[in-house]
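In what follows, a single structure is set out as structure tokens and then discussed.
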Ligand SMILES: O=P(O)(O)O[C@H]1O[C@H](CO)[C@@H](O)[C@H]1O
Ligand SMILES: [Mn+2]
Ligand SMILES: [Mn+2]
């Protein structure tokens, strides 16, 4: 088969960065959500200013309207306008756009991280995940009994729906005293285990998660997540960067797998390898924090591009979701967006002729919304290169349009789902094609 030469695709997933409620948001109780729009509005109202008692995180020093000049040039605010019918408050949309921009709705049954990532890699989730719906005594007794027995535990704490930071504050001391790990869930298809990194042991926590992963097989649960933390009752408890996700495998080959199968290189940065259950990954680079994730992405761009079958560099920027979205920290989310935006010129400077860059998200997590859960939203599709003319990509019916476009650019067999937004002349299956 003819195959694109030395082409690369770079996909940055801004975890939870929704740009307006999806067409089916009502069914999720999320009609009216808008992660970007509500952050911008709060900034415009002067609600995201540095405060006297602000923590020492440097990003909390931001102030004024939301300022994202580089994302604006890639068409972020235009995409948000197209998705919602309104310009985000206080922002300055770019007059000179450099790329193609659109917005995509999710067709997967859930609004969780694996569903969003698999769909954007061309594999929507059409089956229903298992969920633990009870807010208290959430897990079946038989499951917990088996976990306690197989992992030789003194018992478990939690067994409820919870916010991960709240539950370690509430149960951290009891965990230290009893040695019992904390198990909890959310509206997502997850089984989360929090334990003290030193007192319980990090490797022991990972092994416990693997046991849980095995025991959860009949329950159709998307992910087991290890949530290590440190601290004590005097200092308080803090989660560390050693989180690990144990996902089930995608139901069919994603575009990562398809590229890997033809000998291409798939470089997974941050959580990406875990999210795809290590399927179709050539190299996984772990990094904690957005600065380190961006550094790793830039390094991957420096080091890659020699593979004649093509290269995919894919990075998940998780802090938007974990540190700010779920914590309903609007100012923190705004500051993290601005810090991300400030690094984009370094990335753009490393792009080459045969590169396609896509910035997108996996779901929303509107920090102004009730509760602490994800929100069913559309995501931005900001694309640069790939033979794309500047301008609108329109409303995309599925995140899978991204996967199909990646397949086209990299000269791979077409995915079953999704419609490519690239011009047909730029398909990697026909690298001589001139656009
Ligand atoms: O509150 P924490 O532990 O961050 O949990 C959140 O993280 C999980 C995975 O994204 C979600 O299901 C959500 O509940
Ligand atoms: Mn996510
Ligand atoms: Mn999340």
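The values are calculated or read from the model by the stated rules, or taken from the named source; none is laboratory data. Being a predicted model, the structure only gives us computed values, none of them experimental. Every residue, glycine among them, receives a Cβ derived from its backbone with ideal geometry; neighbour counts consider all protein chains shown.
Key figures for this structure:
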item: Residue list for segment 141-181, filter: outside any helix (DSSP H, G or I) and in contact (Cβ under 8 Å) with a residue 40 or more places away in the chain; result: 151, 153, 163
item: Residues (modelled with pLDDT under 95 and under 17 Å from residue 183 (Cβ atoms)) located in segment 223-242; result: none
item: Of the criteria (1) within 22 Å of residue 400 (Cβ to Cβ); (2) in contact with a strand residue (DSSP E or B) (Cβ under 9 Å, 6 or more places away or on another chain); (3) in a helix (DSSP H, G or I), which one residue 208 fails; result: (1)
item: Residue match in segment 337-358 (condition: within 16 Å of ligand 2 (Cβ to nearest atom), more than 19 Å from residue 241 (Cβ to Cβ) and assigned to a strand (DSSP E or B)); result: no
item: Residue count for segment 192-205, restricted to those that are without any contact (Cβ under 8 Å) to a residue 40 or more places away in the chain and more than 23 Å from residue 160 (Cβ to Cβ); result: 3
item: Per-region count, segment 249-275, residues in contact (Cβ under 8 Å) with a residue 40 or more places away in the chain and part of a loop (DSSP other than H, G, I, E, B); result: 10
item: Residue that is assigned by the TED database to the domain that holds residue 337, at pLDDT below 95 and surrounded by fewer than 23 Cβ atoms within 10 Å (Cβ to Cβ), where the choices are 289, 305; result: 305
item: All positions within segment 10-36 that are without any contact (Cβ under 8 Å) to a residue 12 or more places away in the chain and either under 14 Å from residue 373 (Cβ atoms) or under 17 Å from the mean Cα position of the chain (by Cα) (or both); result: 29
item: Any hit, segment 395-415, residues being closer than 25 Å to residue 95 by Cβ and outside any helix (DSSP H, G or I); result: yes
item: Answer residue from segment 308-330, given it is surrounded by 18 or more Cβ atoms within 10 Å (Cβ to Cβ) and more than 16 Å from ligand 2 (Cβ to nearest atom) and is nearest to residue 192 (Cα to Cα) among those; result: 330
item: Scope segment 386-400; condition in contact (Cβ under 8 Å) with a residue 60 or more places away in the chain and surrounded by fewer than 24 Cβ atoms within 10 Å (Cβ to Cβ); matching residues; result: 388, 389, 390, 391, 392, 393, 394, 395, 396, 397, 398
item: Top-ranked residue in segment 355-370 [being over 27 Å from residue 303 (Cβ atoms) and in contact (Cβ under 8 Å) with a residue 60 or more places away in the chain; ranked as surrounded by the fewest Cβ atoms within 10 Å (Cβ to Cβ)]; result: 368
item: Output for segment 228-277, where each listed residue is farther than 18 Å from residue 207 by Cα, surrounded by fewer than 23 Cβ atoms within 10 Å (Cβ to Cβ), touching a strand residue (DSSP E or B) at 6+ places or on another chain (Cβ under 6 Å) and assigned by the TED database to the domain that holds residue 317; result: 260, 265
item: Subset tally (residues that are more than 15 Å from ligand 2 (Cβ to nearest atom), modelled with pLDDT of 95 or more and either closer than 30 Å to residue 300 by Cα or not assigned by the TED database to the domain that holds residue 380 (or both)) for segment 1-35; result: 4
item: Unmet requirement for residue 221, which otherwise passes all of (1) in contact with a strand residue (DSSP E or B) (Cβ under 6 Å, 6 or more places away or on another chain); (2) within 12 Å of ligand 1 (Cβ to nearest atom); (3) under 21 Å from residue 239 (Cα atoms); result: (3)
item: Search result, residues across segment 416-435 that are under 25 Å from residue 347 (Cα atoms) and in a helix (DSSP H, G or I); result: 426
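Here is a yes/no grid of residues against (1) within 16 Å of ligand 1 (Cβ to nearest atom); (2) within 15 Å of the chain's Cα centre (by Cα); (3) in a helix (DSSP H, G or I):
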| position | (1), (2), (3) |
| --- | --- |
| 277 | yes, yes, no |
| 281 | no, no, no |
| 288 | yes, yes, no |
| 309 | no, no, no |
| 314 | no, yes, no |
| 324 | yes, yes, yes |
